[in-house]
Amino acid sequence: MPKHLSSALSVVLCAVLAATALVVTRPAAAETGGFDFTRAQVVAVGLRVPWGMAFLPDGSALVSERDTAILARVRPGTSPVPVTTVPNVYHGGEGGLLGIALSPTFAQDQYVYAYISSASDNRVVRFRLSAPHIQQVIIAGIPRGQTRNGGRIAFGPDGMLYVATGDVGYPPHAQSTSLGGKILRITRDGAVPANNPFAGSPVYSYGHSNVQGLAWDEAGRLYATEFGQNLLDEINFIRPGHNYGWPACEGPCSSPSFTNPLVTWSAAEASPSGLAYANNTLFAAALAGKRLWTVPVSGGAMVGAPVAELQEQPGRLRTVALGPDGWLWVTTSNRDGRGTVRPGDDLIIRIPPAGPSGPSPSPSGPGVSPSTSPSPSPDGPSPCLSPSPSPSPSPSPSPSPSPSPSPSPSPSPSPSPSPSPSPSPSASPSPSASPSPSPSPSPSPSPSPSPSPSASPSPSPSPSPDGPSPSPCPSPTPSPSPSPSPSPSPSPSPSPSPSPSPSPSPSPSPCLSPMPSPSPSPSVSPSASPSPSPSPSPSPCPSPSPSPSPSASPSPSPSPSTGTRSCEATIRFFLQWTTASWGELTVRNTGTLPITSWTVSFKVPNGLTYLQLGGYHLPGATVTVTQSGLLPPGNSVTVSFPVGWAGGNVATPSPITCTAR
């Protein structure tokens with residue numbers, strides 16, 4: 001944030017908090033879902049499209065910015081502190097740096113997982129905050145587009161990573177073997193769990209249009225928010241192997257082959273993104289609806305009428321999460337190109353548990369003591385804000401229990417009702433002449449409208465500054481690894497020791513290597529990046545060497561002088577009467593070096609009436625398409641395209657050539 005805005009921070013916060021206060025129209029004692037919305041606080045201002053949120057061991061929030069690819073750390077009442085910028089992120093439309101999650105064993109391995117848009121696909125990668133350039137691909141080949149990219153990721157109570165994807169504006173993805181329009185379930189290394197509903201497939205549920213919120217209740221039941229196309233938005237109770245009906249249905253379906261939503265709203269009322277659960281209530285952040293929906297649930301069913309909170313005044317709401325402090329944290333998304341930008345946007349708002357008024361509990365995690373939160377203004381506390389959290393010998397416990405972190409039994413795959421509303425279409429796999437490793441099968445929910453028994457190649461899975469108190473982010477023991485250890489991060493600027501009196505900024509955790517903030521301004525500069533010291537010294541919290549992972553692909557690094565660049569292409573068609581037919585082109589890197597572009601050429605086979613890929617082509621025409629993007633060895637990327645089919649057999653496209661560069 002420009003320096004002159006720092007002096008106006010208290011004014012901005014006053015305006016924002018006053019606007020938030022206008023939301024409340026009920027008596028002060030009213031509560032919804034165990035939270036007191038009359039005491040909502042502004043936690044941070046000046047963010048740019050905050051999308052994902054995860055909580056670090058010290059209780060602060062790690063927040064992703066979609067458009068800048070910055071990860072920032074947020075503590076109540078202080079300016080967001082940029083921690084790092086995630087490389088290999090290509091922002092465009094609704095793509096960019098989306099959902100984030102911390103490893104269940106973050107204290108030991110320090111892995112951050114992120115759903116990112118690359119040049120050619122959406123994918124999940126993991127890295128350490130001290131070395132974000134060293135990325136391991138966990139799953140790739142998720143379709144990307146200008147809109148409807150999904151993007152939420154979360155570790156479930158079973159320890160598995162759940163990935164919410166969208167149809168990217170091509171509805172047939174939801175019922176095909178594409179990874180779009182699905183909820184995926186994989187291990188933390190990207191492998192397919194043995195108890196997934198479809199053997200060898202990461203697909204957990206399908207028939208979704210655009211899922212952006214995931215939450216579990218105490219019994220391990222999974223709920224998800226879902227954008228509709230034009231009519232109805234949904235919250236669904238997710239069961240393994242079930243088909244949720246898109247694109248045959250938007251909202252409730254009359255067919256027993258599909259699973260109906262718990263609740264629906266019009267797009268103007270909802271467009272739900274983030275989702276959280278607490279106190280037998282789901283909390284859904286609504287973008288177009290500009291409100292936080294609260295939905296009482298029990299046993300996978302809605303048990304009361306939804307109630308809207310935070311209506312209109314904060315604007316578009318993107319993410320909601322239950323913090324370790326027992327408060328609800330909510331982000332706005334007014335700078336995403338679809339909202340009205342207001343003073344201080346984008347914001348993070350915090351809502352306390354219902355109960356006696358008093359000082360806010362200081363968020364703290366294992367092994368750290370509550371510390372005083374500094375005033376957001378160098379001139380003292382803002383008269384409009386509640387006092388910053390103060391250390392207390394015995395902070396009062398939150399009356400609202402957090403969802404149980406103990407592992408719950410993994411939902412056993414239940415047999416899906418026969419989801420096939422149409423005849424099984426035919427598929428024609430046609431690999432190019434270049435040999436390739438045997439790919440693992442892509443999802444082909446059976447029986448599903450996905451027609452092909454043969455699957456396309458799936459991608460490789462990829463603070464005590466003074467004294468003896470331990471670091472809140474313990475250094476993990478380095479694991480043996482064939483790859484070199486990352487260079488030590490530049491030491492962060494010294495920070496003053498925490499004391500009961502407010503200080504200009506909190507002492508950053510040495511493990512996070514935050515980028516120094518030039519002033520106590522509340523905004524995150526979109527161009528912020530780590531500022532290296534003139535002579536870097538070893539980090540006080542050394543980064544461990546990346547653990548070996550046979551299924552993960554390393555991030556791009558300087559290529560060795562020797563190696564090969566080659567690729568293979570596979571084309572198959574999905575031909576059906578009830579919905580539009582389409583084709584899929586899968587390109588796999590079969591060389592030993594990363595490739596940055598590839599050209600595929602083939603002829604449109606007889607039996608199709610047209611093929612639309614890089615133009616409109618009739619049978620017999622030669623199609624040549626060039627794509628760009630970083631594709632590591634062994635990885636693949638799949639693109640879909642419309643085709644016309646009037647019935648009958650379709651010949652195999654041949655020959656198919658793939659040239660890598």
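The values are calculated or read from the model by the stated rules, or taken from the named source; none is laboratory data. Owing to the predicted nature of the structure, the values given are computational and were not obtained by experimental measurement. Note that each Cβ is placed from the backbone with ideal geometry, even for glycine, and that neighbours are counted across all protein chains shown. Keep in mind that these areas ignore ligands, DNA and RNA; they rest on the heavy atoms of the full protein, side chains included. Shrake-Rupley method; radii C 1.70, N 1.55, O 1.52, S 1.80 Å.
For this structure, a couple of remarks:
- Spin-label pair Gln311/Ser266, simplified geometry with 7 Å Cα→Cβ offset, distance in nm: 1.4
- Solvent-free Debye scattering, log10 I(q)/I(0), computed from the Cα coordinates of the range 282-335 at q = 0.13, 0.22 Å⁻¹: -0.33, -0.83
- Per-peptide average of other Cβ atoms within 10 Å, ordering 246-259, 70-83 highest first: 70-83, 246-259
- Reduced Cα scattering model of the range 61-108, Debye log10 I(q)/I(0), q = 0.18, 0.26, 0.33 Å⁻¹: -0.62, -0.99, -1.16
- Solvent-accessible surface of protein heavy atoms, probed at 1.4 angstrom with all chains present, puts Glu31, Glu94, Glu309 in the order Glu31, Glu94, Glu309, largest first.
- Principal axis extents of the C-alpha atoms in the range 37-84 (largest first, rounded to whole Å): 33, 23, 17.
- Ordering of 337-344, 222-229, 84-91, 645-652 by packing [mean C-beta count within 10 Å, highest first]: 222-229, 84-91, 337-344, 645-652
- Residues Lys603, Lys182, Lys290, sorted by accessible area with the largest first, give Lys603, Lys290, Lys182 [1.4 Å probe; ligands and nucleic acids excluded].
- Annotation for Asn230 and Thr657: the two label points, set 7 Å from Cα along the Cα-Cβ direction, are 4.3 nm apart.
- 20 Å cut-off, amide nitrogen to a point 7 angstrom out along Ala219 Cα→Cβ, residues in the range 294-335: 295-306
- Accessible area per residue in Å² at 1.4 Å probe, computed on the range 278-346: 30
- Coupling constants for the range 103-109 follow from the phi torsions by the Karplus curve (6.51 cos²θ - 1.76 cosθ + 1.60, θ = phi - 60°), and in residue order they are 4, x, 10, 4, 4, 9, 9 Hz; glycine and proline get x.
- Peptides 604-613, 209-218 ranked from most to least packed give 209-218, 604-613, packing being the mean of other C-beta atoms within 10 angstrom over each peptide's residues.
- Taking the protein heavy atoms of the range 152-261 in the context of the full set of protein chains, the accessible area attributed to carbon and sulfur is 54 percent at 1.4 Å.
- Probe 1.4 Å, accessible area per residue of the range 181-248, Å²: 25
- Normalised by residue number, the volume inside the convex hull of the Cα atoms of the range 600-661 is 97 Å³ per residue.
- Ratio Rg/Rh, restricted to the range 41-135 and using Cα atoms, in which Rh is the Kirkwood radius: 0.96
- Cβ-Cβ FRET estimate between Leu618 and Thr564, R0 fixed at 56 Å, reported to 0.05: 0.95
- Label positions at Gln108 and Ser597, each projected 7 Å from the Cα along the C-beta direction, are separated by 4.6 nm.
- Spatial separation of Cα centroids for the range 605-661 and the range 47-64, in angstrom: 41
- Only Lys, Arg (+1) and Asp, Glu (-1) charged, at Cβ; the range 130-285 dipole about Cα centre in debye: 340
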